[in-house]
Amino acid sequence: MMPQKAWSQSIRILSGGRFLSSAGLTGISPFIPYYMEHMNVGTPEEVLMWTGLSVSAPALSYALLTPLWGKLGDRWSRKWMVVRALVGLSLSMFLMGVAQTPFQFFLFRLCQGAFGGISDASSAFVGSHAPPAEQGRSLGQLERASAAGLLVGPLLGSICVATWGSRPLLFITASLTIGFALLASLALGGHTERGRSTAAGESGQDNEPTPVAQGAVSGSGPTPAALEQTSVSVPTLTARTQASASLSAPASPVESPEAAGKATDRRSGIFEAFRSLLSHAMTRRLILAGIMFKLVDFATFTMFTPYMRELHSAATAALMAGFLLATSSFGELVGAPWWGRRNDRHAPERNLRLAGLLYGLCLLAHLLPLGVAWLVALRFLTGFFFSALLQTVMLHVLRSSTEQDRGVRIGATNSLLMAGQLTGPSLGVWIGGLWSIPAVFLVMGLVMLAVTRLVPRSYAPSRQEAMRLPLQ
């Protein structure tokens, strides 16, 4: 954990990176069809095909490679993973700007997902360096920065495209991002963590108190003080037991530092990260809930503009859809830090159940034809409640991880969550075509109400306590 002043500077830099990344990506994605038309792709059907491939490409490559970047961050440095993500995004934007064919543009969009990933890198940085009592608040700040980017990105992108065209938008975004990467390399706190990870591997246990033990947890679960005492007393008791046993048991061979380091690498491997996430009952249920949260979000987002076309004339539908989507982003902007602070003070699982229930009710309320003012208030509340969902899932993963596997577990979690993002749009289109567009909001609202039952009612001890025991 770094000093408070250094942490305050670091969280501002991380928030700036999240904002710039979010604004750049959302400022570009809506205008990919225009970019394809300027490449003289061909028929409108071919434009739609390449647009669809280019839009989905980053999510696919991101899901495949983000656990690898997380493992490298665990092994080397979380700071340089943040810098790497910004540099990767910048280079991808530049290459997209010089692409001459739709296939080249598609390949560079794959590079964007493969070499970007500021979300994972910044979350892992928070887990390693944030004061334990402020982890929820810090994740809320990052989510607020992303929401602000979602809010202003399409607006700035439309102004840029209308003024200079599509290619200059990519070059401007690339220039701003590489500049921020340079700032992060110079001013971001933290240090190379290879030495600390290796030392932990040699000793077989962490050198720092667990984030779970110091996190604020309320309800029927153990108190933070009790958990903190447990994290200190269990290794002490184990050491005493080992000392007593050594009087009567034959001496066992001493494991070399190299062998212990290899054991640590195995425990923090990519496949081990997936196994540990899915084998722990509470974590598995929360990740499954997170996948469904993303599926519901992208299914309803995909069908929101067509839904506006059913409610308004063609001349005003696009404007109304853009305004209401911006209202949702504003709700996320307001809600993300509020839920983050609440997660530090109350049991995150209870917050997740509450927010998921209210989010599902908001989706069902879209079916009530009560006018524009009703939709404006509803979209704000939809964004406000949704802002709690994914950050709470990620907070649990942070607090249930050790210093040696935090990055790879965050990467593996985001890789699993991509399943919802990849399947949500297709499912929304299928439901809308099979029944009707309002049916999408009906079905997804009911799904959200059902998914909240996956979330445990109270805190259950995580794998952290077991992993803090000295290795035999």
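The values are calculated or read from the model by the stated rules, or taken from the named source; none is laboratory data. Note that the structure is a prediction, hence the values are computed from the model and not measured. Reconstructed Cβ throughout: ideal geometry from the backbone, glycine too, with neighbour counts over all protein chains shown. When the accessible area is computed, the model is the full protein with side chains, heavy atoms only, and any ligands, DNA or RNA have been set aside. Shrake-Rupley method; radii C 1.70, N 1.55, O 1.52, S 1.80 Å.
Our estimate of slack between LEU64 and SER426, defined as 0.36 nm per intervening residue step minus the Cα-Cα distance, is 128.3 nm.
Counting only protein heavy atoms and using a 1.4 Å probe, the accessible area of CYS111 comes to about 40 Å². Net length available on complete extension from ALA373 to GLN100 is 93.8 nm, with 0.36 nm assigned per residue and the Cα-Cα distance removed.
How would you order 300-307, 128-135 from highest to lowest mean count of nearby Cβ atoms within 10 Å?
Details: 300-307: 18.1, 128-135: 20.8.
Averaged packing, sorted descending, gives the order 128-135, 300-307.
Heavy-atom accessible surface of HIS312, to the nearest 10 Å², is about 50 Å², with a 1.4 Å probe and all protein chains retained. Averaging Cα coordinates gives a centre for the range 1-37 and one for the range 146-186; these two points are 9 Å apart. Scoring 375-381, 401-407 by mean Cβ neighbours within 10 Å over their residues and listing the highest first yields 401-407, 375-381. For the set LYS5, LYS71, solvent exposure ranked by accessible area (probe 1.4 Å, protein chains only) runs largest to smallest as LYS5, LYS71.
Accessible surface ranking for ILE178, ILE28, 1.4 angstrom probe, highest first: ILE178, ILE28. Just to confirm my numbers, what's the Cα centroid distance between the range 334-396 and the range 90-122 in Å? Using only Cα atoms to place each centre, the spacing works out to 32 Å. Estimated from the Cβ-Cβ distance and a Förster radius of 35 angstrom, the FRET efficiency linking PHE301 and ALA133 is about 0.55. Between ARG457 and ALA281, the simple spin-label model (points 7 angstrom out along Cα→Cβ) gives 1.4 nm.
Compute the FRET efficiency between GLN4 and TRP338 as 1/(1 + (r/R0)^6), taking r as their Cβ-Cβ distance and R0 = 30 Å, and round to the nearest 0.05.
Details: r = 22 Å, r/R0 = 0.73.
Working from the Cβ atoms, E equals 0.85.
For the range 72-161, rounded, prolate or oblate, judged on the Cα gyration tensor with a ≥ b ≥ c (square roots of eigenvalues), a/c < 1.5 rounded, else prolate if a/b > b/c?
oblate
With every protein chain in place and a 1.4 angstrom probe, the accessible-area ranking of ARG275, ARG167, ARG109, ARG341, largest first, reads ARG275, ARG341, ARG167, ARG109.
Estimated at the nearest 10 Å², the accessible area of PHE171 is 70 Å² with a 1.4 Å probe.
For the range 1-40, just say rounded, prolate or oblate: build the C-alpha gyration tensor, square-root its eigenvalues into a ≥ b ≥ c, call rounded for a/c under 1.5, and beyond that prolate if a/b exceeds b/c, oblate if not. Show your work: numbers first, answer last.
Working: a/c = 7.46, a/b = 6.12, b/c = 1.22.
Verdict is prolate for the range 1-40.
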